[in-house]
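Worksheet: the structure to be examined is printed underneath.
The values are calculated or read from the model by the stated rules, or taken from the named source; none is laboratory data. What you see is a predicted model; the values in this text were computed from it and never measured. Please note: Cβ atoms are built from the backbone with ideal geometry, for glycine as well, and neighbour counts cover all protein chains shown.
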Amino acid sequence: MNLKKFADHNTLSQFTAEYIAKKINQKPDSLLCLASGDTPIETYHRFVALVQAGKVDISQCTFVGLDEWVGFGPDDAGSCSYYVYRDLFNPLHLRPDQIHVFDAKADDLATECKRIDAVIRSKGGLDLLLVGMGMNGHIALNEPGTPFNLGCHVVELAESTKTVGQKYFTSQTELTKGITIGLRHLAEARDVILLVSGEKKASILRQALTGPITEEVPASIIQTRPNAHVWVDAAAGSLVS
């Protein structure tokens, strides 16, 4: 893995946006899977600006959703896909055929997992996967204890994830399960970026990067990817060198 520290969140975000644009310019029909959450929002705003400025053409790209709260969808404020549509898909004016997100309201979630697995397989795997990291070390909604070899799956949410997830909603919301791509997809992706920002992530980042590779710290799988990028701001990276 390649660790790179940035002075602040804005510098981190600009660098990441430019990197995504560069990768698309190298492979215009890229399959990208980009996280929701607070950390990448500024990256998306800056990436959209690059597209609008004509610095990159996304007309041949395909985008896959990373994860979703079970029972929620793009029209539900607070859902994972709500924010990705708001900050990325809608400003980019993507065509419907360019977007594949989990239908977390589906009656058959196992079939929904197979559908997203099939999309990724049909494109020959992910060209670029951008993820963040939870306070318990989760990647996407792969909670501690999730096998590294899983593809898309449904997961029981950890208590800490349920608590932190409330920040995305305007009122108390019951969160019980998630649907997510698996860490197998991370292991197989051609390019992986782990973005981490903020002092509160410093301790778990150190554990993920320097501790044992274990399913109890899902983000530790990044150690198995020699060419993965771990890009952090100074606060998040204060305990690692």
Failed item in (1) more than 29 Å from Ala236 (Cβ to Cβ); (2) at pLDDT below 95; (3) of a type in the set (Asp, Glu), with Asp38 passing the rest: (1)
Looking at Ile193, Ile204 in this structure, which one is out of contact with any Asp or Glu (no Cβ under 6 Å at 6 or more places or on another chain), of a type outside the set (Gly, Ala, Ser) and not in a strand (DSSP E or B)? Ile204
Of the residues that sit in the stretch 17-66 and are touching a strand residue (DSSP E or B) at 6+ places or on another chain (Cβ under 6 Å) and among the β-branched types (Val, Ile, Thr), which one is farthest from Ser122 (Cα to Cα)? Thr39
Helices (runs of 4 or more DSSP H) enclosed by the stretch 1-87 - at least 3 residues per element that are buried (at least 19 other Cβ atoms within 10 Å of the Cβ) and among the acidic types (Asp, Glu): none
Long-range neighbours under 6 Å by Cβ, at least six apart or interchain, first residue over 9 Å from Lys4 (Cβ atoms) and assigned to a loop (DSSP other than H, G, I, E, B) within the stretch 229-241, second at pLDDT 95 or above and among the hydrophobic types (A, V, I, L, M, F, W, C): Ala234/Ala7; Ala236/Val196; Ala236/Ala202; Ala236/Leu205; Ser238/Ala202; Leu239/Ala202; Val240/Leu209
For the stretch 148-165, pairs from a residue that is part of a strand (DSSP E or B) to a residue that is crowded, with 19+ Cβ neighbours inside 10 Å and of a type in the set (D, E, K, R), with Cβ under 7 Å and 6 or more apart or across chains, are Val155/Glu143
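Can you tell me which residues in the stretch 193-213 are in contact with a helix residue (DSSP H, G or I) (Cβ under 6 Å, 6 or more places away or on another chain) and surrounded by 16 or more Cβ atoms within 10 Å (Cβ to Cβ)? Working first, answer last.
So the first thing to find is which residues in the stretch 193-213 are in contact with a helix residue (DSSP H, G or I) (Cβ under 6 Å, 6 or more places away or on another chain), and the list is 194, 196-197, 208, 213.
Answer for the stretch 193-213, where residues must be in contact with a helix residue (DSSP H, G or I) (Cβ under 6 Å, 6 or more places away or on another chain) and surrounded by 16 or more Cβ atoms within 10 Å (Cβ to Cβ): Leu194, Val196, Ser197, Ala208.
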Between Lys23, Lys27, Lys5, which is of a type in the set (Lys, Arg) and in contact with a Gly (Cβ under 6 Å, 6 or more places away or on another chain)? Lys5
Restricting the search to the stretch 93-121, which residues are part of a helix (DSSP H, G or I) and out of contact with any strand residue (DSSP E or B) (no Cβ under 9 Å at 6 or more places or on another chain)? Pro96, Thr111, Lys114, Asp117, Ala118, Arg121
Somewhere in the stretch 42-60, is a residue polar (S, T, N, Q) and touching a helix residue (DSSP H, G or I) at 6+ places or on another chain (Cβ under 6 Å)? yes
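Could you identify the single residue in Ser30, Ser36 that is touching a Cys at 6+ places or on another chain (Cβ under 8 Å), closer than 24 Å to Lys167 by Cα and in contact (Cβ under 8 Å) with a residue 12 or more places away in the chain?
Values: Ser30 fails: closer than 24 Å to Lys167 by Cα.
One residue alone meets the criteria, Ser36.
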Just to verify a result, which residue in the stretch 207-228, among those that are of a type in the set (A, V, I, L, M, F, W, C) and part of a loop (DSSP other than H, G, I, E, B), is farthest from Cys33 (Cα to Cα)? Ile213
